[in-house]
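Inspection log for the structure reproduced underneath, given as C-alpha cells.
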Ligand SMILES: [Zn+2]
C-alpha cells in the first residue's frame, strides 16, 4: 500500500511479488490475463507434459528471484509511479477456496437427504441456439446458458469447477472422468482439461451427458407403465460368487427382482420378470420378451465382481454409450464408437433413468457411489427398443459389500430405493 507521499512500501513490494508470481504461471500459449496461483498450479498439474512442468518450475523460480529483488528495492524506498502498482493490486482475486475431499465415503452417502418423488420439476431451460464442437471453456458455457460463473476450488489434488443451477449443483473435476450432479456421481466420456489456462469440458459431454440431465423435467421418460425386470444370469450361468457366503450372483439378482416386483405393482406398474426361477435365459430372449410385452422400461439387475481387486466396492448403473463417444468400460475387443445400436434411440431417456436409479440407490443405502457409466458391450441393453439400464448393486468380491448383499434387509433396501426412483409420474 502506498503512503501519503506516494512512496512505495514493503506492502507494495509484496503486492508486486504476488501479482508477478501469477504472471509467471500464466499459460505458455499466450493467455495474458493474470490468473490465480492455485488455478495455475492446478492447470500445470493437469495439462502439462513432464518436460513443460520442469520448464514451468524453472520459470517460477526465476520469477520468484526477480520479484523478490523488486520487492526489496521498493521496500527500501525506490520511487515508482503508483499507476503500475495500482494496476497490479487490482488483478483478479483468486477464486480458489479449499474443500475437504472429492471422494464420498459410505458415511457421507448415508447422510444425503431423502429424495422426494414429487419434487418440483427444474426451472432452468437450456438455450436452444447453442452449437458446440470440441473443447468448451466452462466459464464461456456458463455465460452462454445464463448461470453464474463457476467457482474453481481445489479438492485434494484436483481442481473442481462448481456450477450452480436452480435445481442443483454440478461439480466438474478437471482431469477426471467423474463429475457430480445433484450429489450423485456421473461419468463423463472425456475428462475435462485446462486448455490455454482455461477449464474446459468437451462438447460431446455437454450435449450427450450434461444437457439431458440438466433439462430433465422430473418425469419418467417412458411411454407406458409396463416394466421388465431382468434378474441377471441363472441356470448354468451363475455369475459372480459372494466371497462372504459362497452363494451366487444369480440367487441375489432373482431375490432382488422378486422383492422389487410387488413394490412397483403398488405404484401402478405392470411387472414382468425375464425369469422367476433358476433357469437359463439367453440375452436375446430377455430382449425378445420385452419386445413381445411392449414394455416401456427394462431394468437388468446384477451384482459385480472386480476380478481379484478386493478393494473395489459400491454401486454403479450402466446405460448405452451414445454414438461417437468413448465408453467408460470396454469388455473384449476394442469397440467402434461410430456404431449405432437400436437402444441408442433412447440415449437421453436411458441416462435420465440410470441417474435416477443411481441417485436413489446410493442415497438410500450405505453403498459407495461409483456413478452412472456408459458401455456398449451389454447385449441385453443395446438391442432394446425402450429405455433400458443395468444396475450393478454392489461387489460380491468385496468383503463389506458381500456381507451387505447377503443381508435380506439390505436387499430390501435396494429394492425400495429402485421402487422409489420409479415412483414418479411417467412422461405420457
Ligand atoms: Zn452379472
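A few comments on the model shown:
- Listed from fewest to most Cβ neighbours within 10 Å, the set 187, 248 follows the order 248, 187.
- Once the chain from residue 149 to residue 345 is taken as fully extended at 0.36 nm per residue, the excess over their C-alpha distance is 67.2 nm.
- Length added when fully stretched, residue 379-residue 157, from 0.36 nm per residue minus Cα-Cα: 76.2 nm
- Residue 406-residue 267 FRET efficiency (beta carbon distance; Förster radius 30 Å; 0.05 resolution): 0.65
- Efficiency of FRET between residue 277 and residue 247 - r from beta-carbon atoms, R0 22 angstrom, step 0.05: 0.90
- Near-label residues of region 395-428 by backbone N, under 16 Å of a point 7 Å along Cα→Cβ of residue 310: 395-404
- Ordering of 377-387, 159-169, 352-362, 275-285 by packing [mean C-beta count within 10 Å, highest first]: 352-362, 377-387, 159-169, 275-285
- Linear extension gain, residue 219 paired with residue 329, 0.36 nm per residue minus alpha-carbon span: 36.8 nm
- Over region 226-421, Cα pairs under 8 Å with separation of 6+ residues give a relative contact order of 31 percent.
- What the Cβ-Cβ distance of residue 236 and residue 292 gives, at R0 = 22 Å and to the nearest 0.05, is a FRET efficiency of 0.40.
- Seen through its C-alpha gyration tensor, with square-root eigenvalues sorted a ≥ b ≥ c, region 226-421 comes out rounded because a/c lies under 1.5.
- Label separation (residue 130 vs residue 336): 3.3 nm, computed from points 7 Å beyond Cα along the C-beta direction.
- Here each label is just a point 7 Å from Cα along the line to Cβ, and for residue 137 and residue 169 those points are 2.5 nm apart.
Read-outs throughout are calculated quantities, based only on the coordinates presented, and are distinct from any laboratory measurement. Note that the coordinates shown come from a computational prediction; the quantities given were computed from them, not determined experimentally. Ideal geometry is used to build each Cβ from the backbone, glycine not excepted, and the neighbour counts take in all protein chains shown.
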